[in-house]
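Take a look at the structure set out below.
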Amino acid sequence: MKLIKSILAAACVLAAGSAAAVNPVPGTAASQPLLLKNATVHSVVAAPTVQDVLIQEGKIAAVGTNLTAPANAQVQDLTGKNLYPGLIALINQLGLIEVEAVRATRDDRETTATNPDLRAEVAFNADSAVIPTIRSNGFSHSLIYPSGALITGRSALMQLDGWNWQDALVQSSVGLHVNWPRMGIQTGWWVRDSVEQQQKRQAEQLAQLQDYFTAAHAYYLAEKAGLNRGRDSRWHAMLSFFEQQLPLFVHADDPRQMRQAMLLAQQYGVKLVIVGGRDSWRIADELAANQVAVIYTAPYGLPTRGDEAYDQAFSAPGVLKRAGVKFALSLDGFWDTRNLVFAAGHVTRYGLDPAAALRALTLDAAEIAGVADRLGSIEVGKSASLVLSSGDIFDYRGHQVEQMWIDGRNVDLDNKHKQLHRRYQQRYQQQGQVSAQP
């Protein structure tokens, strides 16, 4: 009996200690139209201007000046505020990892090298305490992907205010993800393998990857001919890839990796997206000519080589833009995704204009994810996924996200960080009261 009481007491203490860190309740569908008046609207498709935005049934119903509020509409005056499309964070593992050092909280990868049938969305934890901290900085959507060895699985686009992964899912199977074998040679003191050993291992991995695609293509041809007598879940998941319906997302930084990936994409006639792209600026013209998009993940990167300028990683997005490469910005990870909005502001000091930086987190990101018909800009008919900031959303000093709507639902922007801030403010207030006593 004593043991049972001790367990119950401990459970009560844990519940009380975690009560302050409970995630906000997801928003409910609006029961009436909402007219947002006099905001500086950053529609992405036009220059920022003071306009009204009407939201009905989760969609943007009208955009213009002096809009008339429908009967029973709620009206909100946003004079002096900035209204943006909800930001889209591509390439992260938000909701798949809670605490990096605790294996039981990680569901971001499988152990085998071939997992094209792996769907990231089914592992998405909508109750993650990390998600509200990302949302509070203006991100309404996230593209999550599984990590791993070679063929890692398929990514999914999630909205960040749902009860479960089914609620959160926007688009399944956005792309097939491949970790391209390393091409460079490591020479640091920590490297134990010789140059020859590294080259041999790289050649083996590349041959293995090519064999996987050859086997999957043979399965595809047999399936079309009705010759398959069994079902291989791995290769069956790649049928849509060989039918040019599933884009190829290749994680690569080296130009040699990217060129090899382009050859593979050309061989099977599929759309290619480079993820990472640290050296993409070196072959920007080739990428543009082959219509290869880039999800650039190093906006805060350091120089890769001793002869590179200190700001090479910062200026790469500008180089891609001038070459005509479609790109999005990303910080590959999970909790640090919240800093991506400031990374976009950072690169505008190194050759990328602010309008392009906004597109890289909105419309261009939506196009890469294949959902530009629904998200990424403030246009009639699109999802009413919007974020309101009292200042420039990309500016550390002016950034102040005040409200967010996802599919027209008003989103609670509270999070664990804010809760802890409020809690420890009380500590100093209490100390001040004690010291003020005679």
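What follows is calculated from the coordinates using simple rules that are stated; it is not laboratory data. Just so it is clear, the model here is predicted, and its values are computed rather than measured. Note that each Cβ is placed from the backbone with ideal geometry, even for glycine, and that neighbours are counted across all protein chains shown.
Here are the numbers for the structure shown:
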{"read-out": "Reduced Cα scattering model of segment 80-119, Debye log10 I(q)/I(0), q = 0.14, 0.18, 0.32 Å⁻¹", "value": "-0.52, -0.70, -1.11"}
{"read-out": "Largest-first principal axis extents, alpha carbons of segment 152-264, Å", "value": "48, 45, 23"}
{"read-out": "Which of 122, 139, 84, positive extreme of dipole for segment 76-159 (C-beta unit charges)", "value": "84"}
{"read-out": "Percent of alpha-carbon pairs separated by more than 23 Å within segment 221-319", "value": "39"}
{"read-out": "Computed lengthening from residue 427 to residue 390, 0.36 nm per intervening residue step minus Cα-Cα distance", "value": "10.4 nm"}
{"read-out": "Whole-number percent relative contact order across the chain, with pairs defined as alpha carbons under 8 Å at least 6 apart", "value": "20"}
{"read-out": "Segment 133-170 versus segment 280-348: alpha-carbon centroid distance in Å", "value": "21"}
{"read-out": "For segment 229-253 versus segment 103-122, the gap between their alpha-carbon centres in whole angstrom", "value": "16"}
{"read-out": "Size of charge dipole - segment 87-374 - debye, nearest 20, with Cβ of Lys, Arg +1 and Asp, Glu -1, no other charges", "value": "300"}
{"read-out": "Over segment 112-186, relative contact order from alpha-carbon pairs under 8 Å, at least 6 apart, %", "value": "35"}
{"read-out": "Rounded to 5, the percent of DSSP beta bridges in the chain classed as antiparallel", "value": "50"}
{"read-out": "Segment 19-61-segment 349-395 distance, computed between alpha-carbon centres (Å)", "value": "14"}
